[in-house]
Each structure stands twice: as structure tokens, then as C-alpha cells.
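Values in this text are rule-based calculations from the coordinates and carry no lab data. None of these values were measured; they are calculated from a predicted model. Heads up, the Cβs are rebuilt from the backbone with ideal geometry, glycines too, and the neighbour counts pull from every protein chain shown.
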Amino acid sequence: MSSSNGTNIVKELLPARAELLQARAPGYQQQQQQQLQHADHQAALINPFHIADDKLVDHIYGYYVHSTDDQKPVDLVSLFGLVKSILKHSIHVVDNIVLGTSTGATQLQFDERIPPSSFNSPYCTLRDISTQLTCKPLSEEKAHTTTISILNKLRSYSWEAKAILTLAAFAVDYGEFALLAEVQSSDHLAKLLATLTEISRITLAKRFTTSQPLLQQRDSILIILKELNGLINLTLQVVDSIFELERLSNIYDKKEVPELSIALQQIPVDVYWAIISIVISATQVNCLTCDVTYKQEFMFYYAQKLSNIRAIKLKRSLNICKEKKGEVDAYRNIVSVMQKPTEIAEVLRVLLFPQEVKRPQFYDGSAKELVDVDLAVRTKDVLIFISILDDIDDEILSLKEVDDYLKTSKNDHQYKILWIPIVDPWNETQKNKFENLRLKMPWYVADYFSYKPGQRYINEDWQFKKDPIVVVMNPRGKVVSIDAMPLIRVWGGKAFPFDEAAFQRLNQANWIEPIMVKVDPRVTNLIKIRSYIFFYGGVDKDCTQRFNYTVQKIGNDPIINEDPIIKDERITIVPIYIGGGIGVTDHAITTRFWSNVENLFLTKINQTEIDRQGTKEVQRLLTYRSEPGWAVLSKGPNVKVIGHGNTMLKALDDFEKWKGLIPSKGFERTFKEFHDQKISEDYRCSYLYIMNIARKIPDYISCETCSHKVAVCKLYQCCHGYDGADGNLTVAKEGI
């Protein structure tokens, strides 16, 4: 290293002479003296090795936490860059010139960053700190007292600034030490200064060869210098790690990188140990130059402490943070690509595969082989089926219906289906379950998907919880439907092309047939001949049996079949029980039925301006899910009345009272008037609950009984025994 190079580096920290002569504010010295006395009093006779770190941080944090109100601006990036260069050069000089452990001809190469022209050295602050470091007795207690005094002096700075400023103050002194050691042989002034500061005695130590006492002194000096350089290196690494953690905390949200919060909580005590190690390093240099007795093993304990901090705490935290940082950066890249997509293959590559995967592939369930992503989906519309591995047989059947529709309608060349399984973590049980499910799927599969940034995007941005969703993406990679699964469950292939236009078109269609035909295939023909159909169900078996008997009795009443006026209308009244055989409830049928009604509601809830009446009908039906009984009266595909089992049955029980009005008013009008009367006698508001909503829903809806606002609130329901459930349940309850 050239002398001019080392001189220039040190000069970066030296301000103009005018700054050194700048007057202090009135009372400054007195205030500083009071603070120092307070710090000394608090820290007296404390050996930091006899205090646990958690107790130590309690001791320093309450008194020396920084305040931003009076904090002076410091360019820490430029300052720390200078400090690292000075210390690395200085360590090299000591190794090379003093210890002779490297050849003098070796030219040191460092990645030096020249500070910007706007950089102002905090030199006065550094000199204040330097006075704290100079000529202190060598003891743990005094080192602790000095450290507390420095923390007190720097109380208005952040923790990383405290460490960097203290290290910078030491770097100035150690840099001057190294510079004089290097140039004293060729520069007369440097030689004089080296003699005055006793540096020449140290640099000549390796020449002591004539007597045993001098040999022992030489060996001690060389060992101390070697250990000193090691401690300085460790301190530099610890401060560098602290600075890096603080830098990351300014870039990344602590919710995105949770390890940051844990690591940052430890920084005060880590800064303390870094500063006290600097104090010890400065004291050792003073001992060498002032011919004071020093302890050869003294620095070992501090080096060991810093090694533990660096290796066990900071390095581990940084590794975890950098791993998470990579995931966060990848997630942000996904968000960026999704905001301005250009091509679907690129979008799916970024979403599903890390960058190091050079040839991403999907499994082709029809060909039973792997296929390149570009060949599979380029220029295609893709239905992205996202699910866990449990309870998805119904969704697979629905998608097979869609797949069959695409093939028969000759659209299978343009529309593709891709399954993304969400599993965390993968184990042998999950892998076996996945492979069994994959056998059922004649479409593309993202095998063993585990890319965490992609999972995060799916969970947060596509709002995947637990229930399966289908995201529809066009050839450009733009999402045209965030979840077409409700539409597909209800309408199957008729939902083609599964976009918002399909939502709007189908929401104008009558909903009775697609829901009820899945329960009873007779529905299609009954709707075709425009029969009156009473759909009914509930958990009260007596109520459902009475309902079936009463409807059949009305359907066979002579006024329906023999009255000449009514007979011409060819009225057919048919009861259809939703739940299996009469008196026997098939829970699989009822679960599937209510799932379809719920999905129908989700397709309509944000399209109320298109089919306001249909939305109200489905909402009202859904509110009766947990009631003892319910019923729907339709004429053909058109819903006429939806009601609670009690009120509907009471109206039917009074058939003898109102059947005489049927010839003049018609069956549906007469029944509705009497049913409305029963509602007024048995007034009740209802609530509905919808599990695991992925689509956006309104903040509130209107009660279908009283028209008051119904607020959406959160209900926590135990999901014991429901594997994979996350406990999310959205409940709409009557608001005020």
C-alpha cells in the first residue's frame, strides 16, 4: 500500500481547521460533564461478563435509546465505507510492516468507494469519542464505564450509528498508527511523530534479538498486535452485520421478514459488545505505545464474545433474512409481472418456478408425460385450478365436465386446465395422495408445487384460503376472473368462457334448473311443462314428512283436477324433497345442494344490478340453511315464493280456507297472499353464513325479511376434525 493512498483515506475524516475551532454553545461543557458523571455512576464497578445479555440490554436500553428529535444527520453509508477501508488498510500495514507476516511487495487491493463530494465528516464527534478511548486503565469495569459514557454521548443517534461512529473514531487513531508505522522510514516528519508517540518502539520490536528480556518483550508485542488485528476484524464484521440488518429493515416490512424483528431486538446489546471491544482495542494500543503493562489474554474473551455474536446470532439472522429477502424480492417480481403481463407462459414461469429452473415443465395428465411450459400454454387461455389435496372430488368432476365441454365444442385447443396443488410441507403421505389425485386429472399439473413466493401470491393476492378456486387467465397472462369456481360448480360447461361476461350472462338466467336438477333429474321435464314445484327440506323430519303429505294432498284435491276453470290451466303440483328419501336425510345430498346454492349466491352477490330479484331469492334461500325446515315454490323455472318451513306449512295447512279463491286469483297468487299473512303472524329475521370466500363480497347486504342493513362480521368456529380447515367463516347478521 502506498503512503499517499493511506494518507488520502485518513484525510477523508479530517475537517477544515475552522471546524475544529468552532465555539461550543453556552453550558455545553457543563451539560456533558453532568451526563458523563451520571453514566459513570450508573456503570461503576460492573463487569459485563458477569451479567447476562438480557439484563445488560435492560441496563443500557432505557437510558441510551436514541431520539430522532435532536439527532444529527450522518451519512452512515459513506462513513462506514471509509472506516472499512481505513481499518483494512491499517490491519494490512500492521501485518506487513510490523509483524512481517506478509511480503512488503504485496499490493493490497480493496473495493474502495470514494465518498460523494457532499460528504461531511463528523470529525468533532469523532474526536469527542476519541478522548473517551484514550489512555484508559485496562479492566472490564473501566471498559464498561467508558462504553456507557460513549453511549450516553451518542444517545441521540440510532444504534447502528453509535457503533459506526465509535468505530470511526478508533479508525482515525489506528489509521494514524498504521500510517506512521508505514512511512516513518522514508519520511522525516513521520519518523519524528512515530518517536513521539512511541510507535517506533513497536515497529522496531521485531529487531530485538540480543537479550532474553527483549526477546520476551518482542514476542509479547507481536502476539498482542496479532490478537488486536483479530479483534478489530471481528468488531468490523459485527458492525457490518448490524448495519446490514438495519439496511434490510428499511427496505423490507418486518411482517415479510419476521426474523428481522427478532434480530433487531438484539441489536442494542450487540452494539454494546462492539463498542466495548473497540474500547478494549484502543486501550491495548495505548498500552503498547505508552509502555504500560498489558494482559496478553485480555482480548481473547472479547474476541470469543464477538465470535459468538457473529457466528451464532448475527450470521444466522442475516442468512435467514437474506433467504427471506430472496423470497420477498421474488414475490415482488411476481406482483410486478402480474401488474403488466405480456404473455401467459412468462407469467406462469414467474409464478410457479424459481429463476434457477431453466426448463420449467408441467405434467400432462392426458399424455402422462412432462411438457415444457412454453409449449403447453403459450397463446392459450388457462383455467388455473388451485386446491389443497383434501375433499376435491366434486371439483374434479365439475372440471371434467368443463373439459368434456371444451372437447365437444372444439375449444380444447384454445382452453387448457392447470392444477396447482397447495401443500406445505410435502411428505410421503402428501406425495402419495397427490399422485392418486393426479391420476384422475386429464389436464396439466404443476408437480409438487412448493415455490414459496408463488404460494404467497396465490394466498394473498388471489385470496386462496382452503376452498378450491379457479383463476382464469387469457393468453396475455391477464386475469379475467379471480375465481370462476362458483360459476363452474353451478353451470358446468355452460359457464364458458368463464370470464366476467359469462358471470353477467348466466346471472340473468333462471337459477332453479341448474341447482335442482342435480338433486332430482325430473326437474328438467317438470320445468318444461311449467309445473308448480314445491322444493323443500330441513333437519326436522316430522316437518318434511308433513310437508310432503300436505303438498301431495293439495295436488290431488278435486278443485285442482276437476274444477272446470282450473282444469283448463292444467295445474300440476309436485313436491321434491332435497335430502334423499322421505323421512331419511342423505347428508351428502344436502351438503352438495347447499354448496351449490352458496356458489350461486357468490356468482350473484356482486352482480345485483343485473339480476336484483334473483340475488334476493338465492340470499333468502341461503338464510334457511340451518333452519328446521324451508320450501321454495316455483312455476316452471320461475321462483314464486321462498319461505321458512313453519310459515309455508301453515299456509298449506289452511288450504281449505283459500282454495276457493284459486279460480279467480290463480294458485300462486292465492298461496302467496296467505303465506304473507303467516309471515306477519310469525315475524323473524334471518342470518346467513358463507364459508371460505375467495371472491370479494359487499361490506353489507339487505335483510330479505325486514330490508334493514345486514352487516358482515367475523365468526370463529371450531373446525376440529375438519382437516385443513383454517377456521374462516364469514357470517352476515342483521345489522342496526
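Checking the cross-link pairs Lys541/Lys678; Lys88/Lys191; Lys325/Lys440; Lys400/Lys431; Lys452/Lys604; Lys88/Lys324 against a 28 Å limit on the alpha carbon distance flags Lys325/Lys440; Lys452/Lys604; Lys88/Lys324 as lying beyond it.
What is the calculated FRET efficiency for Gln552 to Asp390, with r their C-beta to C-beta distance and R₀ = 56 Å, to the nearest 0.05? Calculated value: 0.85. Other residues with beta-carbon under 12 Å from the beta-carbon of Ile527 carry, at +1 per Lys or Arg and -1 per Asp or Glu, a net charge of +2. Each part reduced to its alpha carbon centroid, segment 402-433 and segment 114-134 end up 64 Å apart.
Give me the distance in nm between label points sitting 7 Å out from Cα along the Cα-to-Cβ direction at Ile251 and Ser680, one decimal. Output for this residue pair reads 7.1 nm. Extension gain for the segment Val335 to Ile262, taken as residue separation times 0.36 nm less the Cα-Cα distance, is 23.6 nm to one decimal. Annotation: amide H of Ile576 within the under-5 Å range of Phe534, Phe535, Tyr536, sequence separation 5 or more or interchain, hydrogens built in the peptide plane. Peptides 542-550, 267-275, ordered by how many other C-beta atoms sit within 10 Å of their residues on average, highest first, read 267-275, 542-550. If you take the beta carbon distance between Lys528 and Ser366 as r and set R0 to 41 Å, what does 1/(1 + (r/R0)^6) give as a FRET efficiency, to the nearest 0.05? Given R0 = 41 Å and the Cβ-Cβ separation, E is 0.65. Ranked by the mean number of other Cβ atoms within 10 Å of their residues, highest first, the peptides 391-401, 278-288, 354-364 come out as 278-288, 391-401, 354-364. Modelled spin-label separation between Glu141 and Asp520, with each label point placed 7 Å from Cα along the Cα-to-Cβ direction: 9.5 nm. Neighbours of Pro425, meaning other residues whose beta-carbon lies under 13 angstrom from its beta-carbon, give a summed charge of 0 when Lys and Arg score +1 and Asp and Glu score -1. Length available on full extension from Asp542 to Asp653: 0.36 nm per residue minus the Cα-Cα distance, which gives 38.5 nm. Put a dot 7 Å past the Cα of Asp187, heading toward its Cβ, do the same for Ile114, and the two dots end up 2.0 nm apart. Would you work out if segment 456-542 is rounded, prolate or oblate? Take a ≥ b ≥ c from the square roots of the eigenvalues of the alpha-carbon gyration tensor; rounded if a/c is under 1.5, else prolate when a/b is larger than b/c, oblate otherwise. Because a/c hits 1.5 or more and a/b fails to exceed b/c, segment 456-542 counts as oblate.
Other residues whose C-beta falls under 14 angstrom from the C-beta of Glu673 contribute a net charge of +4, scoring Lys and Arg +1 and Asp and Glu -1.
Take every Cα pair under 8 Å whose residues are at least 6 apart in sequence, average their separation, divide by the length of segment 265-405, and the relative contact order is 13 percent.
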